[in-house]
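Below is one structure, written out as C-alpha cells; comments come after it.
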Amino acid sequence: MIERIRNFCIIAHIDHGKSTLADRLLQLTGTVSDRDMTAQILDSMDLEREKGVTIKASAVRMMYNALDGLQYELNLIDTPGHVDFSYEVSRALAACEGALLVVDATQGIEAQTLANLYLALDSNLVIIPVINKIDLPSARPDEIAQDLQNLLGFPAADIPRISAKDGTNVDQVLEIIVKKIPPPKGQIETTTRALIFDSHYDSYKGVIAYVRVSEGKISGRDELHLMAHKSNLKPVEVGIFVPTMKAIDLLEAGDVGYIATGLKSVTECRVGDTITLTANPAEVPLAGYRHPKPMVFAGIYPVEGEDYPELKDALEKLQLNDASLIFEPETSQALNFGFRCGFLGLFHMEIIQERLEREYDLDIIVTAPSVEYEVHMRDGQVIVIDSPVQLPDEGLIEEIREPWMNLEIFSPTDYYGTIMDLVTKRRGVFKEQDYPAPNRVQLVFEIPLSEIIVNFFDELKSRTRGYASMDYHFADYRAGSLVKLEVLVNQDPVDALASIVHKDEAYHRGQSLVTKLKDLIPRQQFDVPIQASSSGRIISRANIKAVRKDVLAKCYGGDITRKNKLLDKQKKGKKRMKLIGKVEIPQAAFMAVLQLEEE
Ligand SMILES: Nc1nc2c(ncn2[C@@H]2O[C@H](COP(=O)(O)OP(=O)(O)OP(=O)(O)O)[C@@H](O)[C@H]2O)c(=O)[nH]1
C-alpha cells in the first residue's frame, strides 16, 4: 500500500556516522539480526575478494511496526559520501521523499553537511536533522541543535539526539520518519517510468540497476527500454533488497528495488537514465539525466613493466562498477606502457589510486594530474586536451581556456587568514562569506581546477589542523595565461615531466624540477645538461658532471667470482633504467620527481 511506504536517505559529512546509523536502523527493524550484523559484513568482504568487485547494498527495504500499530515499508537509500559524486548523490536523493541529515555532535555542521543539505532541498525533500555521537564526552548537542535551528528553522528541542553506536534514541528516528516523511505519489495504472539511481555489477546477473519506480509497474517478464541509452533489454529478474537481493514479481509506483539487467557493463545502464516499457513507452524521461564528465586526468603506470596486464585487468574491473572512470592506453618514453585515466575529481582519483594499490596490490606510479583545456587555435578550430603532450605549438594558439570551480570552504573563524592566503596564492578569487554557525565561517571562492588538484586539500587540512572542510563544483571555462613547461635532459624533452602552468609560475616550477632532477639523475660518462623551457625559452638549467665509473676498480684482488657478481648486479640495475636520448635515467628518479610535493 503506497500510503505506508517511506523512501528516505541519510546525508552527512564524511565520518559523521551515516553507515553506523544505517546499521542500527537495520537492526532495530529486525531486517538484519544482531548475529548477522557482523557475519553479513564479513560475507560480503569475502565475496568482494573472490570476484574483485564491490558488493553494495545501497537500497534496503525494512518493515517497521510503528507506535500507531501499523506496519510501514521503509526504503533506505544510500548516497555516496564524496563531493566528486554530487551528481550520483542528486540521483539517489531524487528517489526519496525525505532525508535524515546526520550531524556529529562533536564536529557540528561541515562543508558537506551543507552541500548535501542544499542538494536535498533542491530535490524538495523533507529534511530530518539528527544529532549523532552524543555518547562522546566532547559532544555539544545543545549547541549544535541551536545551529541547526538557525540553519533550518527546525525547533532545536525537536531534533533527536542519538548515539548510532550504542543505539540511544535511534527508535525516535524511526517514528519521526513515519510521521514527517510523506508517502510517495505516483499512479500505478499509467505508462511506466523508473529512475536508475545506482548500479553495481554482478557476475551472475549482469548489471543490477537500482530503481525507484515513479509511475506504472515493472515485472520480470516485461521488455524494458532505457530512454537515454536508447536500448532495450530483457531483465533477468526484478526484486528488492532485504538487504540481500530477493526476486519478486512486480515493482510498482513508489517502490524501490532492483532490475537485474544481464548487461555486461555499468556504462550501458547509467545512473540517471529512465527505464520504461518497450511495449508502452513513456514519452518524456524523468528529469535530470547527465553523462558524468571526467574533470581530472592522469597517467597511471605500473612500477614493474610486467604488471601492465594486471593493471589493465584491475582498471577494467573497477570500471564495471564505476561508469565515471575512463581510461585508454598511453605510452610514455620515461614510464613505458600505462593508461591515461579520467576521474570526476581529486577525491575520485585518490579513491581509484588507493583501490589499485590496496585491493589489487599493484605498485603504480601516477603522473602529475592535469585538467581538460580548451585550446582555441588561430585558424578558428577548438581542440580539447587533457595532457600537456597534446598541446599544439604555441604559435598556432589563440588562447587556452581552463576549467574554473566554485569552491566553498567551511572552517572555524580562527583560520580565516591562512585559508585566504592559501587560496589567493593559488589564483583563487574571493567571492563571499557567511557565518552559518557561531565561530564558523563559510568562504566562497572561484579558483582554477588545476590549482586544487595537487595537494590543495592536504594543505588546507594541515593549515587548519584538520578543522576545515571543502566542497567544489564546476563553474565555467576561462582564458588564462597558460604555457607549457618542458623539461629537457641532454636536449631531449621528457614527456612525463611536462606540464601546463600559469605563466607566472613557470619559472619557479621549472627551477624546482631542474634542481630535483639534478640530485636524482646519476652521473653519466658525459656531461648532461638539464633544462626547463617554456615558450621556446630556457628558464632554468643545471649540469650533471661526467664521471668515468669503473665498477671493477674496487676489486683489487683477482677474485673472479666477486667480479662476476658485481657485473651481474650492474646488469640488473640497468634493466630499470630508462634511456632518454643517450642518457640512462633510473625509473626511480622519475617517480621521485612525480611524487615530490610541489611548492
Ligand atoms: N562514539 C560514537 N562513534 C560513532 C557513532 N556513530 C558513528 N561513530 C563512529 O564514527 C566513525 C564514522 O562512522 P561511519 O558510520 O562510518 O560514518 P559515515 O558517515 O558512514 O562515513 P563515510 O562512510 O566515510 O561517509 C566510525 O568510526 C564509527 O564507529 C556514535 O554514535 N558514537
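Here are the numbers:
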| quantity | calculated |
| --- | --- |
| Failed criterion for P281 (all others in (1) closer than 24 Å to E88 by Cβ; (2) of a type outside the set (K, R); (3) touching a residue at least 60 places away in the same chain (Cβ under 8 Å) hold) | (1) |
| Filter pass, D43 being modelled with pLDDT under 80 and acidic (D, E) | yes |
| Filter result (in contact (Cβ under 8 Å) with a residue 60 or more places away in the chain and among the charged types (D, E, K, R)) within the stretch 355-395 | E359, D363, E372, E374, D386, E394 |
| Output for the stretch 340-361, where each listed residue is surrounded by fewer than 20 Cβ atoms within 10 Å (Cβ to Cβ) and outside any helix (DSSP H, G or I) | E359, Y360, D361 |
| Inter-residue pairs, beta-carbon under 7 Å, first surrounded by fewer than 21 Cβ atoms within 10 Å (Cβ to Cβ) and in the stretch 114-131, second in a loop (DSSP other than H, G, I, E, B), 6+ apart | V126/E97; V126/I181; V126/P182 |
| Matching residues, the stretch 160-209, being hydroxyl-bearing (S, T, Y) and within 16 Å of the ligand (Cβ to nearest atom) | S163, T168 |
| Tabulated pairs, the stretch 312-331, first closer than 16 Å to P369 by Cβ, second of a type in the set (A, V, I, L, M) and assigned to a helix (DSSP H, G or I), C-beta under 7 angstrom, 6+ apart or interchain | L325/L318; L325/I352; F327/L315 |
| Filtered residue count, the stretch 407-432, keeping only those that are at pLDDT below 95, assigned to a strand (DSSP E or B) and surrounded by fewer than 18 Cβ atoms within 10 Å (Cβ to Cβ) | 1 |
| The listed residue being surrounded by fewer than 17 Cβ atoms within 10 Å (Cβ to Cβ), closer than 23 Å to I188 by Cβ and charged (D, E, K, R), out of R212, R221 | R221 |
| Output for the stretch 461-473, where each listed residue is out of contact with any strand residue (DSSP E or B) (no Cβ under 6 Å at 6 or more places or on another chain) and not in a loop (DSSP other than H, G, I, E, B) | K461, S462, R463 |
| Among the residues listed as A115, A120, A99, the single one being touching a helix residue (DSSP H, G or I) at 6+ places or on another chain (Cβ under 9 Å) and modelled with pLDDT under 85 | A115 |
| Complete set of residues in the stretch 291-314 that are in contact with a Pro (Cβ under 9 Å, 6 or more places away or on another chain) and within 29 Å of A228 (Cβ to Cβ) | M295, V296, F297, A298, K312 |
| Filter result (of a type outside the set (A, V, I, L, M, F, W, C) and on the phi < 0 side of the Ramachandran plot) within the stretch 222-236 | D222, E223, H225, H229, S231, N232, K234, P235 |
| Test: L101 is within 18 Å of the chain's Cα centre (by Cα), surrounded by 19 or more Cβ atoms within 10 Å (Cβ to Cβ) and not charged (D, E, K, R) | no |
| The stretch 6-16, subset at pLDDT below 90 and not hydrophobic (A, V, I, L, M, F, W, C), residue farthest from the ligand (Cβ to nearest atom) | H13 |
| Residue list for the stretch 523-536, filter: at pLDDT below 90 and in a strand (DSSP E or B) | V528 |
| Flag if L251 is outside any helix (DSSP H, G or I), within 20 Å of I77 (Cβ to Cβ) and in contact with a helix residue (DSSP H, G or I) (Cβ under 9 Å, 6 or more places away or on another chain) | no |
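The values are calculated or read from the model by the stated rules, or taken from the named source; none is laboratory data. Note that the structure is a prediction, hence the values are computed from the model and not measured. Quick reminder, even Gly has a Cβ in these numbers, built from the backbone with ideal geometry, and neighbours come from all protein chains shown.
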